[in-house]
Structures are given as structure tokens and as C-alpha cells.
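I have placed the structure first, in the form of C-alpha cells, so that the comments after it can refer back to it.
The values are calculated or read from the model by the stated rules, or taken from the named source; none is laboratory data. Predicted model only: the values in this text are computed from it and were never measured. Positions of Cβ are backbone-derived with ideal geometry, glycine not excepted, and every protein chain shown enters the neighbour counts. We work out accessible area using only protein heavy atoms, side chains counted, and drop any ligands, DNA or RNA first. Shrake-Rupley method; radii C 1.70, N 1.55, O 1.52, S 1.80 Å.
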Amino acid sequence: MIIATFYINGQLIETTKDTKKLLYFLREDLKLTSAKDGCSAGACGTCTVLVDGKATRACLPTLGKLEGKKIITVEGLSLREKEVYAYCFADAGAVQCGFCIPGMVISAKGLLDENLSPSREDIKKALRGNICRCTGYVKIEDAILMAAEFFRENREIPTPVFTGKLGENIFRVDAVEKTLGTGVYVDDLAVEGMLYGKALRSKYPRALVKAIHTERARAHPDAVRIITAEDIPGQIKCGHLVQDWDTLIPVGTETRYIGDALAIVVTNSKETLDEVLELIEVDYEVLKPVTSPEQGLAPGAPLIHSKGNLLREEILNRGDADAAISKAKHVVSEHFSLPFTEHAFMEPECAIGLPEGNDGVFVYTASQSIYDEQHEISRILGLTNEKVRIRSCLVGGGFGGKEDMSVQHHAALAAWLTKKPVKIKFSRQESINIHPKRHAMEIDCTVGCDENGKILGAKFYILSDCGAYASLAGPVLQRACTHAGGPYNFQDFHVVGRTVYTNNPPGGAFRGFGVTQSAFAMESSLNLLANKVGISPWEIRYRNAVRPGQVLPNGQIADESTGIANCLEAVKEIYEKAPYAGIASCFKNAGLGVGIPDTGRCRVSIENGIVHVRSSAACIGQGMATVILQMFCETSGIAPDKVLVEPPDTARTPDSGTTTASRQTLVTGEAVTRAARQVRAELEQGKTLADLEGQEFYTEYVTDTDPMGSTKEFPVSHVAYGYAAQVVELDEQGKVIKVTVAEDLGRVVNPKSAAGQIEGGVVMGLGYGLTEDYPLEGGYPKAKYGTLGLFRATEAPPIDVIMLTTERYGKFAKGAKGVGELATVPTAPACQGAYYKLDGVFRTRLPLENTFYRKGKK
């Protein structure tokens, strides 16, 4: 019986599935995958389609409500519309991870069908239902303004010609496919015979699992397999650096947070997953959770892990901070509280595991390091690395949140045991509850200066909430410590950092990687010091800014490329003219540093006249494939249309480490540059690409740094640093009306792409400072996607980006340093300074309280 009749992209559709959501009908029945499933709750806009000309979130209406409606997806755009949007979004630099872009295009079409001369404010309003976590919206708005002009003036689409050289705004290699929705993310794949999996999660942050009863679940007619810890063929524990995270919690052991998996159900259809999960019964002995680091360190605290609750302590000591502070004319001492925050990348985690041969597995994934996944999955399955192949699809954002195992290991395990393909995908709420967050930290900061504002010494005590598992808590703590003193020239510096296990969701890598937290403490303290000295916040930073040849608080000599003073000079006039403005400086490492082996690798092969550049460096929205292309073209002299940058695949691309720590542009970029030199050397001898057919060129680059606690007089903590200064301006009501950013990025690979990264980083930093939170009660997350406090287009202010150029480039990767994290670090303290200027209240907690964005409780 026909329930509803409607049109999709001009095609008559008759269906009996009255209660099925439009989004799933589009994706599963019609294979129209441009509409993405970002939240299934109408909060994000990735699934936007037009229904009778109105932008509509496809995850909300059921088919039975669509009688007679006309629905348009990106696939249904005219050829002219596709060409215009593809060109304009690529030319504007509007595409980063790309997961939100088809929805943005549909919202744009809904506007431009009615108004071909929109203002920027009109566009913001049209996009208010579409969240972007990467771009900061500026470039998307630019693209739509450009598209309106093309349609209005009936302009022809230019045919761009690029050399691929550094400094050229070459289109991102994946911009067109992401704009038109033809690029493949994991959830867009449907493998023949595919099963579906989902994990049963703990009801309690801390509880003893006494028994897991699976009999009723196994009897369900759609159940294929119920997997528990005893089914794991290899080791149960996983984890990148510390193997402390249970793949599945064994009976007789304790859960550590509500995200712990107890069992995996595998079914024939995804619709029955929850039904089967509800049939599993677990006997718990509920235990009182440890919900703060202070509780975790208290005498007699229950042990979350057998080795103790203190995961790591880091001490960085140079000179005599106490003596220096005792001689200071002015001293400030404050306590700062920084919350957990959620990455909120647009694409929820998804993986597909497949059996490969008789004794291997193949995993489609979307993460920040295919080799980390290979190593962890091989340990879980008891296989050699070579038996586990990982291939990355497009990655819909990461920001550090896709470094850890989430669904990948469960999909691989399920495929290994069932010998069939298995897809496992997080719902948005699972993603929010389960994957690691930005670490919550409590920071005590004491800084002293002389009568002229010259910093004499600083002391920090940093207490980090590690959460249930180690993840990247150790390196995050190290970065918080090595950067705590800021980009300033003083040497009496003492930092004690501790990261402590709790029964909260784990903390992990997140854009800024600990520096966001410690920089907030230092930069806010400088605002108080400046007030005591009687000079401006700009002046105190400029007087202390480290110059080339001087020494950073962590002991490293600032190299010739150091440009923090230049950044401050670039924003001086803007800051001083604004009635209510805050300023902050920062620096951020490129590369893992602190003595950790950090290797970039590249393999180049010539195949059928095309140069294949191969590296596992993940593109998570930052445009790494385009960076690799430009690095290669710059050095080799080969035109970009002769070069193909392959996606990460353990069978094809050498291990170039994780996309983290703003490292890939420098570390993999240097490896690519070295490989390009080898190819160029062959061409300079008169050979052609045809002569090189079938040949391969392989190179590595390994950074050289000193470990934490090095006894060297001037240890090298990191191979390079980027520097930035930001000014945040408020109106009289406390609304952010403009942000100005000056950044020293070294050599800029692609200016438009770099500017987009900076704009996105600023908006993320505004969220961290003003609106975003991840509230917990007794270890239970209370956030939903719609309540995270993410900035929308209507809230994002104008952002002025100043990228400084200098002849003093660093030694590696043509002087490029990376841009991914730097822009997020100074925004929150700049907001703090702006409000301090506005109302005289010195705020020490994020998100900032009693502001235009978070009114005080009455």
C-alpha cells in the first residue's frame, strides 16, 4: 500500500515506509549520500535538503509527512549550479573537512533562489541552521557571495591554472568532491553482506561487573553474534602510549567511566541493534566514583588503575623562581579553572571492518593515524601488523578527537569473529559521551615583574583531569608545562604538572593540546600585572616578547624565525584604538618534541606517467594532501596535474605518524621535500617522467629534540614554534564585534587555506572562552549536541587575519611551521582581557561568567 508520493530531484517516489526518516531514505534506499548524518537530531545541519524550496533538516521529517513535496539534494542541482558552487567554494577556500559543505550549499541555494544580491548578514541568517566546526564561516560566506555574483551576472566558470608553488592559492585537491557530496566518508560506504554492530556501555562510571547475561540477546532472530571480553583473541588492553583501556570490560573487573564497552552486538540490520542490546543483562555492584583529580590523589582513594591514580608528574625547573619572585616589585597569584570541552567534529565516528583472506582484516576508517590503528588492532586480534590493513576515507574533522580507538577496533574485532563486513557507527550522543575531551585543568599561577613590567619569574601548579584512561594525557601535560611561561624572555621558571585518573570521560588531544589551558593562566595574569605596573596589556607583552637569540622560559634559544614581537607590532594600533579590547600572545610547538622520536616519511613512485606522492599523514580538514602537493611541486618543478597525492593506506603509504601537534606540515613536509629533491635531481640529468616509470624514491626526516628534564643549559624542547597575537573587541553590551589575528607561520604554503584555518581556530577559541562547556554530574555527561554552546554563523564576528612574512625562515619544510592549533590558543585570554577592560571584573574560570554570552544567575 502506497503511503506517500513525493518527488526527489524531479523523480517521482512512491513509498510504503511512512515512518522512515527522510535522511535515511535518501542515504540507504536511494544512495544519495550528499546529505550527511551529523547528529540525527536537527541540531547540526549536515543533512540539509530543500523541501518545496525551504532548507530543511532531512533527519527530522518522516516520509509519511512529505506527501506531494518536492525535495532537492546536492545531487539534484543543475549542471550549472554544480559548476558554480564547486568553483566558488574551492576558490574561496571554503572547504576544510567538508562534512558540512553539501548542507551549506543547499542552504545557499535556498537563499539565492530567492535573492541573488544577498548581504553577508543575509547569508549568515540563511546558514544559522548549519554548523561548521572548521572554517569559522568566513570563507563559506565568501563562497556564497561569489556564487551569487556568478548567477547574477551569468559569468562563465574560469579554468584555473596552477603551478603548485608555495604561496599560491591552489584549490584544495578534495574541494570539488566535498562540495558536491561525491567524496566518500566511511558512512557513505555500503559493502555487500554488511552487518551492523554496536557496543553496550556501562550504566555507571564505576561499578564491579559481576556477570553479563547474553542468552536472551543471542536468541534474538536478527542477532548474528554477541561479543564479550572472553572472545578477544589477543590482548584486551589498548591505548596509543599506555595500554590501559579495555577493549571490552571483563567480568570480575570494574568499569572506569560510562563509556566503557561491556559487549558488542552484531545484527543483520541496524534497526534492531538497540533492541538486541536491551536484552543483555548485567549484574553490577555499584561503587562510588572518583570525579575529580583532588579526590583521586586523596589518601585512601580507590585505585582506578592498579599502578595508582597519578598517571604522570612533570617538573620543569630553570633558575630560582621563588627567589626571582621574592625580589619582584609586583606579584600576582591566581587560581584558574578550565573545563572539559567537546571536539564536536561534524562527522561522528564510523568504521567498517572486513575479513581479508583467511587470516587478516581490512578496516575503512576516518582517523588521525592509520598506523596507530593498525598497531592497536593487531594487538587486540593477536595478528602481525601486516595482517591488518587500514585505509582512510575522507575525515569529517578531528581536532585531536579521532586519535584514540572509538569504533575502529570494535569493527575489526566483529569482522574478525563473524568473517563478514561489519559497520559500527557512533550516534552523536555516543560520540559526545565516549571519546576523549579537552582536559579539565586547575592551575595556580604566580608571576612577578619589576617596576617596569619586566617579568622576573613565574611558578605554576597544573592539575589535569586525565579521566578514565591515559590517552594523550602525558604529552598534553608536557605541552602545558613547556608553554606555560608564554613567548617571553625570562628564565626563572618552575612548573609542576600532574595528571590524575578519575571516573570521568577521558581527556585527550584537542586543538591547542594543553597550551590553551596554561596560556589562559599566564596571559590573564599579565593583564593584572600590567594594571599594577601602570602600563597597557600590549606594552607588558611587547617589553617581554622573546626576540631571536634570547631564551624562552623552557630554556630553548629562540631561533632566527621567531616573530612574536612582529605579531604584537601588527596589532598595536588596532588594540589601542578599540574602546573595549583584550589582547593575548602565544606560541605553539610544531612537532612532538621533548625528545620523542618524530619521523616523517614519504615514498614517491612514477606510475603511468603520474607521480604518486605517498604518505600516511592524515587530512582531517587542514588540507594536508594539498600541503604535500605544493611542497612537492615547489621542490620538484613538476606541474600539479602530473602529481597525485594518495590517501592514507597502510598497504601503500609509509608511516608518517599522527596528525597532531601541528607536526605534519613541518615533519612530513620535510620528508616530501627531500623526496622531491631526489626526483628533481633525476630530471636535471635530462631524464623525463617516462624514463622514471616504475621507479620509487623514499625519504625520512627525524626531528632532534631534548627530553623533559634535560640537563642541557639550553635544551631544544621543540624543533619549531609558531607565534601569534590576537585582539578581541567588544561593544558596550559585551558582544564580540571583531577579532584581529597576527600570526608568524613561517613560510605560508597556501595563504587562503591558512587564513581559513586561522578563522576556524579563532571561532573555536571564542567558543572555548565564551560559550562551550561539557558539564558532568557524578561522572555522567549532561551535554547534548545542541547544548554544547557551538558558535553559529550568526554569532561569528568579522575576523581580520594578518599573516606575517619574513626572510628568516626555519630550516625545514621550506620554513613552514604549521597552523592548525596556534589560532585557538590566545582567543580565550584575549576575551578575558576584553571583559576586564569592559567591566573591571577579573575572571578566572572558563567559559567566562556573567558576559553577553553567559548571563549571571539571578
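Okay, residues lined up against (1) in contact with a Pro (Cβ under 8 Å, 6 or more places away or on another chain); (2) of a type outside the set (A, V, I, L, M); (3) open to solvent by less than 30 Å² (accessible area, probe 1.4 Å):
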site	(1), (2), (3)
K419	yes, yes, no
I424	no, no, yes
Q429	no, yes, no
I434	yes, no, yes
H439	no, yes, yes
C449	no, yes, yes
N452	no, yes, no
L456	no, no, no
F460	no, yes, yes
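At least 3 residues being touching a strand residue (DSSP E or B) at 6+ places or on another chain (Cβ under 7 Å) and open to solvent by less than 20 Å² (accessible area, probe 1.4 Å) is the threshold, and among the strands (runs of 3 or more DSSP E) wholly inside region 560-670 those reaching it are 581-590, 599-607, 610-614. Here the condition is being touching a residue at least 24 places away in the same chain (Cβ under 8 Å) and either open to solvent by 60 Å² or more (accessible area, probe 1.4 Å) or in contact with a Leu (Cβ under 8 Å, 6 or more places away or on another chain) (or both); of G193, G129, G136, G164, it holds for G164 alone. Selection within region 253-279: residues that are out of contact with any strand residue (DSSP E or B) (no Cβ under 7 Å at 6 or more places or on another chain) and assigned to a loop (DSSP other than H, G, I, E, B). The member of this set that is surrounded by the fewest Cβ atoms within 10 Å (Cβ to Cβ) is E278.
When G512 is tested against the conditions (1) on the phi < 0 side of the Ramachandran plot; (2) touching a helix residue (DSSP H, G or I) at 6+ places or on another chain (Cβ under 8 Å); (3) not aromatic (F, W, Y), the lone failure is (1). All of T711, T699, T705 fail the test of being surrounded by fewer than 23 Cβ atoms within 10 Å (Cβ to Cβ), without any contact (Cβ under 8 Å) to a residue 24 or more places away in the chain and β-branched (V, I, T), apart from T711.
For region 350-383, taking the residues that are closer than 18 Å to T247 by Cα and in a loop (DSSP other than H, G, I, E, B), the one that is least open to solvent (accessible area, probe 1.4 Å) is identified as S367. The residues of region 139-159 that are part of a loop (DSSP other than H, G, I, E, B) and either more than 26 Å from L116 (Cβ to Cβ) or open to solvent by less than 60 Å² (accessible area, probe 1.4 Å) (or both), listed by number, are I157, P158. Test A675 against the criterion of being modelled with pLDDT under 95 and not hydroxyl-bearing (S, T, Y), and give yes or no. So A675 fails the test. Would you check which residues across region 24-83 are closer than 29 Å to H343 by Cβ, polar (S, T, N, Q) and in contact with an Asp or Glu (Cβ under 8 Å, 6 or more places away or on another chain) and list them? Passing the criteria: T33, S34, T46.
For region 539-550, the criterion of a residue being in a loop (DSSP other than H, G, I, E, B), in contact with a strand residue (DSSP E or B) (Cβ under 7 Å, 6 or more places away or on another chain) and polar (S, T, N, Q) is satisfied by no position. None of D188, D142, D174 is over 25 Å from A754 (Cβ atoms) and of a type in the set (D, E, K, R) except D188. When the criteria are applied in full, L297 fails the requirement of being among the hydrophobic types (A, V, I, L, M, F, W, C), free of Cβ contacts under 8 Å to residues at least 12 places away in the same chain and either touching a Leu at 6+ places or on another chain (Cβ under 9 Å) or farther than 25 Å from K782 by Cβ (or both).
Yes or no, residue by residue, for (1) out of contact with any helix residue (DSSP H, G or I) (no Cβ under 8 Å at 6 or more places or on another chain); (2) more than 30 Å from S605 (Cα to Cα); (3) among the aliphatic types (A, V, I, L, M):
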| residue | (1), (2), (3) |
| --- | --- |
| G686 | yes, no, no |
| Y698 | no, no, no |
| M708 | no, yes, yes |
| T711 | yes, yes, no |
| F714 | yes, yes, no |
| S717 | no, yes, no |
| Q726 | no, yes, no |
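Table: residues versus (1) open to solvent by 10 Å² or more (accessible area, probe 1.4 Å); (2) closer than 30 Å to V191 by Cβ; (3) basic (K, R).
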| site | (1), (2), (3) |
| --- | --- |
| L22 | no, yes, no |
| R27 | yes, yes, yes |
| K31 | yes, yes, yes |
| V51 | yes, no, no |
| L60 | yes, yes, no |
| A94 | no, no, no |
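What do you reckon, is G686 assigned to a loop (DSSP other than H, G, I, E, B) and without any contact (Cβ under 8 Å) to a residue 40 or more places away in the chain? Considered against the rule, which asks whether it is assigned to a loop (DSSP other than H, G, I, E, B) and without any contact (Cβ under 8 Å) to a residue 40 or more places away in the chain, G686 comes out as yes.
In region 49-64, the residues that are within 21 Å of L77 (Cα to Cα) and in contact (Cβ under 8 Å) with a residue 40 or more places away in the chain form Cβ pairs under 7 Å with partners that are open to solvent by 40 Å² or more (accessible area, probe 1.4 Å) and in a loop (DSSP other than H, G, I, E, B), at six or more places apart or across chains, as follows: G53/D113.
Considering only residues in region 491-512 that are assigned to a loop (DSSP other than H, G, I, E, B) and open to solvent by 10 Å² or more (accessible area, probe 1.4 Å), the one that is farthest from E294 (Cα to Cα) turns out to be Q491. Do we have any residue at all in region 314-327 that's outside any helix (DSSP H, G or I), surrounded by fewer than 17 Cβ atoms within 10 Å (Cβ to Cβ), over 31 Å from the mean Cα position of the chain (by Cα) and among the charged types (D, E, K, R)? Yes: one or more hits. The condition of being touching a strand residue (DSSP E or B) at 6+ places or on another chain (Cβ under 7 Å), polar (S, T, N, Q) and either modelled with pLDDT of 95 or more or closer than 26 Å to E634 by Cα (or both) holds for only one of T771, T740, T794, T824, that being T740. If I filter region 295-307 for residues that are crowded, with 18+ Cβ neighbours inside 10 Å and in a strand (DSSP E or B), do I get at least one hit? Among the residues of region 295-307, not one is crowded, with 18+ Cβ neighbours inside 10 Å and in a strand (DSSP E or B), which makes the answer no.
Yes/no matrix, rows are residues, columns are (1) touching a Cys at 6+ places or on another chain (Cβ under 9 Å); (2) under 30 Å from S406 (Cβ atoms):
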site: F460; (1), (2): yes, no
site: L477; (1), (2): yes, yes
site: T499; (1), (2): yes, yes
site: F513; (1), (2): no, yes
site: F520; (1), (2): no, yes
site: V533; (1), (2): yes, no
site: A545; (1), (2): yes, no
site: V551; (1), (2): no, no
site: G563; (1), (2): no, no
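Only a single criterion out of (1) modelled with pLDDT under 95; (2) among the small types (G, A, S); (3) assigned to a helix (DSSP H, G or I) is not satisfied by G818, namely (3). Filtering region 462-490 to residues that are buried (at least 23 other Cβ atoms within 10 Å of the Cβ), among the aliphatic types (A, V, I, L, M) and in contact with a helix residue (DSSP H, G or I) (Cβ under 7 Å, 6 or more places away or on another chain) leaves I462, A480, A484. Residue by residue through region 228-244, note down the ones that are open to solvent by 30 Å² or more (accessible area, probe 1.4 Å) and in a strand (DSSP E or B). Scanning region 228-244 gives a single hit, K237.
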